[in-house]
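Taking it in order: structure first as structure tokens, then the write-up.
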Amino acid sequence: MTALSLSLAIPAADDASSPVTDEPVALLQLDLSDPPEAASAVYREVRRGRRVVAVACGRADAPARLAQALDAIGVVAALPVPGAGLLSGGVSVVAGPETAPPRPASPPARPLRVALAGCGVVGGGVLARLLADARFELIGVLVRDPAKPRDTAIPSGLALSDPAALLAREPDVLVEAISDASTGRALIRAALARGVHVVSANKQAVGGDLPALSALAEASGARLLYSASVGGGAPLIETVRRARAHGEVVRIEAVLNGTCNFILNRLSQGVAFDQALDGARVAGFAEEDPSADLTGLDAAAKLSILAHEGAGLILPVEGIGRDTLDAQAPSGRVRQLARLEAASGIASVRLAAVDGDRLFADLDDEWNALRVTTADGRVFTARGRGAGRIPTTESVWADLSDLAAN
Ligand SMILES: NC(=O)c1ccc[n+]([C@@H]2O[C@H](COP(=O)([O-])OP(=O)(O)OC[C@H]3O[C@@H](n4cnc5c(N)ncnc54)[C@H](OP(=O)(O)O)[C@@H]3O)[C@@H](O)[C@H]2O)c1
């Protein structure tokens, strides 16, 4: 797999998902013998804010296979016909030669010792990838019930139920994907205090204490990465950081909860609330107890993280005004919209009509979207799949790959 990053200022199309017109362009030549790996390479460029031209090498259907793997993550790719403009969208995929040039041999390095906490929807996806990648050595997996059968079996001797025993195995990195906020936060704290890098998907754990956790990481020299905790596979944190690097952030608006988005789409089609909620459960987006989603608590925790990233604000999650989504939801094209006015620090999660707003109105199922406005009027946006094993694992994996690369 070869990659070339170009800094070109080429106007993008008037597309709600990429209105910024001077993003650099990455040119990737990809071997499609492993479509998920090729899609990962594209995803990492997209989350760096680059437009991508991907040359898919292999069989004649290589471009279609890459586009399909990207769709599973939540990256929309254009397959331009010969002669059409290559850079009209965020990601363009074109057919390349049958064989890609060989990859440059990477120098042998000591694998990163990884401790995985949580082995459910997200952790299970990470486990499968860790076991197949020589850059990492899995040294322990923390779960509630080590005897539970799993999609990917935890290798013998690695399943643990005691957080202290996990850290005693001396990992370089903790991947934290457990569903319990307080255990997650305590584990992250303990890891950072020992200088262990942390990759977390747990917004309740990270969002509840981000300033203190960041300070702890800085003091110990460890890195704290949590891209998946907001937006699943949608690169929302990265987009807010890019906006802040450009200029003062004045406003953040976002759809941050896939379960509510799924339900609101069904309600707008006339489906009853209970049936819509059941549909979200069957699709794997809503948990057995969906109250954090429906009361806006989940979106508030994510907004708190974005407020810290975008404006350095410390917003206690409980202080964010929230509407609850229930059978009395307003009719029409409604979203659970998280909003921050940075100057006043006023933050809310409200059910709001979004008719005519292209970024938020046409948002499928579990998709999330974000708009950040800076003081000079510039607008940064992002969209992507906000939940689910494949996109969320991809986001965790991109954080882990960044750590491995450094
Ligand atoms: N699912 C998504 O689409 C998504 C997207 C973005 C972020 N996230 C976040 O990612 C995290 C994991 O989500 P998930 O969907 O993978 O949850 P999940 O399927 O319910 O899995 C949770 C895992 O955490 C383990 N666990 C829970 N409490 C524990 C405790 N006290 N000690 C040790 N292990 C414990 C469970 O162990 P057992 O298996 O033994 O029960 C399980 O393996 C959550 O913080 C969630 O908010 C999820």
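Side notes on the structure shown:
- Residues in region 203-227 that are modelled with pLDDT of 95 or more, within 16 Å of the ligand (Cβ to nearest atom) and open to solvent by 10 Å² or more (accessible area, probe 1.4 Å): 224, 225, 226.
- When residues of region 362-392 are limited to those that are more than 9 Å from the ligand (Cβ to nearest atom) and either assigned to a helix (DSSP H, G or I) or of a type in the set (A, V, I, L, M) (or both), the one farthest from residue 264 (Cα to Cα): 375
- Single condition residue 233 does not satisfy, out of (1) in a loop (DSSP other than H, G, I, E, B); (2) in contact with an Asp or Glu (Cβ under 7 Å, 6 or more places away or on another chain); (3) open to solvent by 20 Å² or more (accessible area, probe 1.4 Å): (3)
- Flag for residue 325 being more than 30 Å from residue 44 (Cα to Cα) and open to solvent by less than 30 Å² (accessible area, probe 1.4 Å): yes
- Looking only at region 156-180, residues that are in contact with a Gly (Cβ under 7 Å, 6 or more places away or on another chain) and open to solvent by 60 Å² or more (accessible area, probe 1.4 Å) come to 2 in all.
This table checks each residue for (1) open to solvent by less than 50 Å² (accessible area, probe 1.4 Å); (2) within 16 Å of the ligand (Cβ to nearest atom).
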position	(1), (2)
259	yes, yes
262	yes, yes
265	yes, no
271	yes, no
276	yes, no
280	yes, yes
285	yes, yes
291	no, yes
298	yes, yes
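- Some residue of region 359-378 being in contact with a helix residue (DSSP H, G or I) (Cβ under 8 Å, 6 or more places away or on another chain), open to solvent by 20 Å² or more (accessible area, probe 1.4 Å) and small (Gly, Ala, Ser): no
- Output for region 334-348, where each listed residue is in contact (Cβ under 8 Å) with a residue 60 or more places away in the chain and part of a strand (DSSP E or B): 334, 335, 336, 337, 338, 339, 340, 341
- A single entry from 150, 189 fulfils the requirement of being in contact with a Leu (Cβ under 7 Å, 6 or more places away or on another chain) and either closer than 22 Å to residue 309 by Cα or not assigned by TED's automatic domain parsing to the domain that holds residue 50 (or both): 189.
- Of the residues making up region 40-62, those that are part of a helix (DSSP H, G or I) and either within 24 Å of the chain's Cα centre (by Cα) or of a type in the set (Asp, Glu) (or both) are 40, 41, 42, 43, 44, 45, 46, 47.
- Filtering 117, 147, 153 for residues that are of a type in the set (Gly, Ala, Ser), open to solvent by less than 40 Å² (accessible area, probe 1.4 Å) and within 16 Å of the ligand (Cβ to nearest atom) leaves a single hit, 117.
- Residue match in region 181-195 (condition: open to solvent by less than 60 Å² (accessible area, probe 1.4 Å), part of a loop (DSSP other than H, G, I, E, B) and closer than 22 Å to residue 386 by Cβ): no
- Any pair with Cβ under 6 angstrom, 6 or more apart, that starts in region 315-333 at a residue that is in the same structural domain as residue 264 (by TED's automatic domain parsing) and ends at one that is exposed (fewer than 11 other Cβ atoms within 10 Å of the Cβ): 333/355
The values are calculated or read from the model by the stated rules, or taken from the named source; none is laboratory data. Since we're looking at a predicted model, the values are computed, not measured. Cβ atoms come from the backbone with ideal geometry, glycine included; neighbour counts cover every protein chain shown. Heavy atoms of the whole protein, side chains included, go into the accessibility calculation; ligands, DNA and RNA do not. Shrake-Rupley method; radii C 1.70, N 1.55, O 1.52, S 1.80 Å.
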